[in-house]
Amino acid sequence: MPYIMTLVSLFTADSIIKSWIEKNWGASQQCKHGIVIKKYHNKGAMFNFCDKNQDLVAILSLVLSAFVSGIFAAVLQRKGARIQKTGLALVLGGAYSNTYDRLKRKYVVDYFSVMIETKNISNQFLRKLVDKINTMVFNLADFGIMIGAILFVMDECKGGQD
């Protein structure tokens with residue numbers, strides 16, 4: 001049950017933030033320590049990939065969410081596997097939230113970014129990397145997906161014994 005609550009909590013929190021951002025947020029606002037809050041409509045997949053084919057992205061998102069849901073249902077039946085269950089709950093909470101956006105709004109609402117100062121970076125590769133990071137916009141669901149995937153893969157690599 002705690003894993004289902006993790007999934008539902010992430011979905012609910014991200015959905016509430018997205019709705020608030022959609023209704024109340026206009027221009028970007030930089031907060032402390034390089035954090036930027038801004039409203040961005042991502043019409044594609046990650047990094048706006050395939051943004052000209054929103055229907056395909058929505059269908060793929062739905063299919064992949066259903067596939068991972070099946071894995072989650074199977075893993076929930078196992079004793080232990082707490083890290084895998086937590087990882088999958090985070091992945092699905094984020095996936096459901098973003099899939100819901102794709103189906104309802106036809107885009108995903110992103111709202112969180114970072115601004116890293118580049119003036120002290122002399123290495124060209126690092127400067128370009130940081131410039132790219134500065135253009136990325138995320139939401140809470142994205143963090144759930146990333147953290148959940150890392151937890152799941154790390155646990156799988158160590159043999160799933162938690």
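The table below lists the values:
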| read-out | value |
| --- | --- |
| Calculated from backbone phi, Karplus (6.51, -1.76, 1.60) coupling profile of the range 10-24 in Hz, x at Gly/Pro | 5, 4, 5, 4, 5, 5, 5, 4, 4, 4, 5, 4, 4, 7, 10 |
| Sum of -39500 (n - 2.57) over DSSP H runs of 4+, divided by residues of the chain (222 nm, nearest 500) | -21000 deg cm²/dmol |
| Cα-based reach from residue 132 at 20 Å (exclusive), listing aspartates and glutamates while leaving out same-chain residues under 8 positions away | 51, 110, 117, 142 |
| Among 30, 54, 84, residue whose mean-square fluctuation peaks in a GNM of the chain (springs only between Cα atoms under 10 Å) | 30 |
| Rounded percent of accessible protein surface that carbon and sulfur make up, the chain, 1.4 Å probe | 67 percent |
| Electrostatic dipole magnitude of the range 1-92 [Cβ: Lys, Arg +1; Asp, Glu -1; Cα centre; debye, to 20] | 280 debye |
| Sites matching chymotrypsin sites (Phe, Trp or Tyr not before Pro) across the range 21-128 that sit in DSSP coil, with at most 16 neighbouring C-beta atoms within 10 Å | 25, 49 |
| The range 1-103: Lys pairs at Cα distance under 23 angstrom, eight or more positions apart or on different chains | 11 |
| Sites matching trypsin sites (Lys or Arg not before Pro) across the range 54-96 that sit in DSSP coil, with at most 13 neighbouring C-beta atoms within 10 Å | 78, 79 |
| Cα gyration tensor category, rounded, prolate or oblate, for the range 82-162 with a/c compared to 1.5 | oblate |
| Histogram of C-alpha separations across the range 1-80, 5 Å bin width, % | 3, 11, 12, 17, 20, 16, 11, 7, 3, 0 |
| From the coordinates shown, Rg and Dmax of the Cα atoms in Å corresponds to which of [x] 15.3, 47; [y] 14.5, 42; [z] 17.3, 52 | [z] |
| Choice from 89, 149, 27 showing the highest fluctuation, given a GNM over the chain with Cα pairs closer than 10 Å | 27 |
| Over the chain, relative contact order from alpha-carbon pairs under 8 Å, at least 6 apart, % | 31 percent |
| Förster-model FRET efficiency, 41 Å R0, residue 114 and residue 79, C-beta, rounded to 0.05 | 0.55 |
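The values are calculated or read from the model by the stated rules, or taken from the named source; none is laboratory data. The shown structure was predicted, so the numbers you read here are calculated from the model rather than taken from an experiment. Please note: Cβ atoms are built from the backbone with ideal geometry, for glycine as well, and neighbour counts cover all protein chains shown. Accessible surface is based on the protein model in full, side chains and every heavy atom, while ligands, DNA and RNA are left aside. Shrake-Rupley method; radii C 1.70, N 1.55, O 1.52, S 1.80 Å.
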